[in-house]
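Heads up, the thing below is written out as structure tokens.
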Amino acid sequence: MAQKVITKKARLGLFDVLTGFATLLVVSGHQQFLEQYALWYHVYREIIYSFHMALFMFVSGFLIQYSYPSKIISYSEYIGRKLKKFLPAYFVVGIIASIIASSSITEFNLNILLLFYNPINGSIQIIWYIYVLMIFYALMPFIIKLSPKNLFTVLPIGLLLSLLSSNFGNIFCLQSITYLFFFFLLGVLACRSYINFKLTKPIYWLLLSIPFLIYLAFFIHLQHDPFTFLGRRTLSSILALPLCLWMGIYLDRVKGIFVGRIFSTLSEHAFSIYLWQMFVINALWLVFSRFSKCALTPYTTFVYLIISSALTIAISITLAIAYKRTIQWAQKIKSRYH
């Protein structure tokens with residue numbers, strides 16, 4: 001029986017919610033300097049890191065499958081389009097971060113070199129995700145040709161690689177690629193059978209969430225990850241997905257106009273937020289630590305996190321819009337003289 005695939009006109013409210021939620025986790029989880037002021041934030045951040053990038057890659061796999069061109073194009077054309085979209089942003093952010101972080105020409109040159117083969121050890125580690133995403137885009141034309149049967153055959157291989165990912169080094173982001181490839185494939189599968197996937201009753205996803213809720217209870221009680229074995233990130237990520245899906249389906253069904261607009265805005269600008277958030281987060285912290293007389297306690301740390309996260313998202317979106325309009329303005333100027 002053929003799988004039902006969503007059409008290009010279908011509403012992606014569920015994945016607006018999931019992308020927005022993952023973006024919130026990324027922004028709130030990258031303020032590690034707050035760990036020294038509140039133990040709860042350390043635990044919260046550890047919980048986030050147990051699954052949030054797997055969730056992001058699951059969503060990415062879905063959206064890449066969803067947006068894959070229906071018209072047959074060459075491999076080079078497809079890859080060229082994606083490199084044109086991601087590569088300039090990757091190197092612009094990487095170069096800016098290298099300038100800020102480097103104390104010498106030698107260090108700057110090293111950080112630039114790391115952008116090519118080991119970005120996770122470079123001056124701005126978070127852009128490793130874009131590096132990995134570009135590699136998965138390069139694999140997508142081959143994955144798209146796999147039948148459902150063959151895709152299910154590849155899935156256990158992806159799971160095994162994910163469980164063993166900590167044995168791989170960071171060169172060419174191999175550890176991250178092997179960890180996340182399984183979740184990328186899950187996203188592709190979810191897209192290929194989206195109708196049945198979305199119509200699954202939320203109660204089933206909630207029941208499947210019980211193991212993760214138990215895991216969270218132990219995590220909070222022990223104040224550290226209860227899993228200590230090889231491949232624990234893979235297991236915690238798998239356990240977290242049903243809860244994220246339940247939340248996404250539930251919010252997609254009950255959300256009002258205001259909440260829906262928030263999630264759709266976060267989803268639309270997720271890439272820009274991801275690119276600029278660390279610059280904004282560090283700038284806000286620099287201003288706060290230098291000029292504020294407010295002492296950080298566990299309670300005020302929570303208040304700071306909410307305000308800082310909201311400002312980071314707003315400023316990152318503003319920068320993205322300003323950049324887009326500047327490019328449009330420059331193109332208009334250029335067209336007048338040609």
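The values are calculated or read from the model by the stated rules, or taken from the named source; none is laboratory data. This one's a predicted model, so the numbers in the text were calculated from it and none came from an experiment. Because the Cβ atoms are built from the backbone with ideal geometry, glycine has one as well, and the counts that use them run over all protein chains shown.
Couple of notes before you dig in:
- Set 236, 289: member being under 30 Å from residue 101 (Cβ atoms), part of a helix (DSSP H, G or I) and among the small types (Gly, Ala, Ser): 289
- Output for the stretch 248-271, where each listed residue is out of contact with any Gly (no Cβ under 8 Å at 6 or more places or on another chain) and modelled with pLDDT of 90 or more: 269, 271
- Some residue of the stretch 267-284 being touching an Asp or Glu at 6+ places or on another chain (Cβ under 7 Å) and not basic (Lys, Arg): yes
- Residue within the stretch 186-208 that is part of a loop (DSSP other than H, G, I, E, B), farther than 20 Å from residue 21 by Cα and aromatic (Phe, Trp, Tyr) present: no
For (1) under 19 Å from the mean Cα position of the chain (by Cα); (2) of a type outside the set (A, V, I, L, M); (3) farther than 19 Å from residue 130 by Cβ, each residue gets a yes or a no:
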{"position": "259", "(1), (2), (3)": "no, no, yes"}
{"position": "262", "(1), (2), (3)": "yes, no, yes"}
{"position": "266", "(1), (2), (3)": "yes, no, no"}
{"position": "298", "(1), (2), (3)": "no, yes, yes"}
{"position": "306", "(1), (2), (3)": "no, no, yes"}
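- A count restricted to the stretch 50-80 and to residues that are outside any helix (DSSP H, G or I), surrounded by 15 or more Cβ atoms within 10 Å (Cβ to Cβ) and more than 15 Å from the chain's Cα centre (by Cα) stands at 1.
- For the stretch 194-242, filtering for residues that are in contact with a helix residue (DSSP H, G or I) (Cβ under 9 Å, 6 or more places away or on another chain), among the hydroxyl-bearing types (Ser, Thr, Tyr) and surrounded by fewer than 18 Cβ atoms within 10 Å (Cβ to Cβ) leaves 2.
- Test: residue in the stretch 170-180 that is more than 17 Å from residue 61 (Cβ to Cβ), surrounded by fewer than 16 Cβ atoms within 10 Å (Cβ to Cβ) and free of Cβ contacts under 8 Å to residues at least 24 places away in the same chain: no
- Residue 101 among the aliphatic types (A, V, I, L, M) and surrounded by 15 or more Cβ atoms within 10 Å (Cβ to Cβ): no
- The residue that is modelled with the highest pLDDT, among those in the stretch 283-307 that are surrounded by 10 or more Cβ atoms within 10 Å (Cβ to Cβ) and small (Gly, Ala, Ser), is 283.
- Residue among 237, 289 that alone is in contact with a His (Cβ under 9 Å, 6 or more places away or on another chain) and of a type in the set (Gly, Ala, Ser): 237
- Of all the criteria given as (1) touching a Phe, Trp or Tyr at 6+ places or on another chain (Cβ under 9 Å); (2) in a helix (DSSP H, G or I); (3) modelled with pLDDT under 95, the one not satisfied by residue 225 is (2).
- From the list 83, 113, the one residue that fits, being surrounded by fewer than 16 Cβ atoms within 10 Å (Cβ to Cβ) and farther than 19 Å from residue 270 by Cα, is 113.
- Residue in the stretch 137-147 that is surrounded by fewer than 20 Cβ atoms within 10 Å (Cβ to Cβ), within 27 Å of residue 280 (Cβ to Cβ), of a type in the set (Phe, Trp, Tyr) and touching a residue at least 24 places away in the same chain (Cβ under 8 Å) present: yes
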